[in-house]
Structures are given as structure tokens and as C-alpha cells.
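Every number here is computed from the coordinates shown, using simple stated rules; none is lab data. Treat the numbers as computed from the prediction; the structure is a model and nothing was measured. So basically every Cβ, Gly included, is an ideal-geometry build from the backbone, and we count neighbours across all protein chains shown.
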């Protein structure tokens, strides 16, 4: 009986330790599949997303309206996260890396952690 318990504990410990080996970098520069606005609206809270489209309007302090081919969604971008070396207009294609932010009484929005200007082809 002790041998089985010992083997079970060793197996559990090894499986927990190996979980870290599968961790991946998820910050800026990591490759993520681009998500559409329609897909982002259906995601759960804190789900990482990458959106590609345009910032069509500034709607408040650090709040913007983002648009892609599937719709529009409000996004929150800290001033420090906007590209300082390049102007961003309503026609500039950007890629937003962030997380879905769901709320009980207001629409889902995106908390942006990183903004990249997509070069024109």
C-alpha cells in the first residue's frame, strides 16, 4: 500500500513539474492568431486577443472605437502604449494585443496592452 501511495505521489509531482515545460511567451511579439471583433465579443473575460483593423474614433480619455470587417468594439489604450514614433489616424491599420474585458452592466470591451502599426504593402 505504501509503495502505491509513493508511486502516485511521484507521478503527481512529475506531472505538475512538467506543466511548466509547456508554458509559452504570450507578451508583445508572440505569434497569436488574429481575432475578429465578432469573435472577441463571444470570448470569456481575460481571454487574450489580437485584433487587426483601425481606430476610427477617440471616445474618451484612453478610450477608442476599433473597427474591423466584422464590427466595432470599444478599446482601452493607455497613452503610454500608443506608438510614439508614428501618428495613428482613422485610416492607419493597427494590430492590438490585449484581453477581453467583460462587464455585468456594460458592453464587452478590450483592454489593450500593446499597439503595433501594420506597415502598408
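Remarks
- Spatial offset of region 83-102 relative to region 32-61 amounts to 10 Å, using the alpha carbon center of each.
- Relative contact order, whole percent, for region 25-117 stands at 30, derived from Cα pairs under 8 Å and 6 or more residues apart.
- Distance between modelled label sites at residue 103 and residue 91, nm, 7 Å Cα→Cβ extension: 3.2 nm
- Normalised convex hull volume, region 27-121, alpha-carbon set, Å³ per residue: 105 Å³
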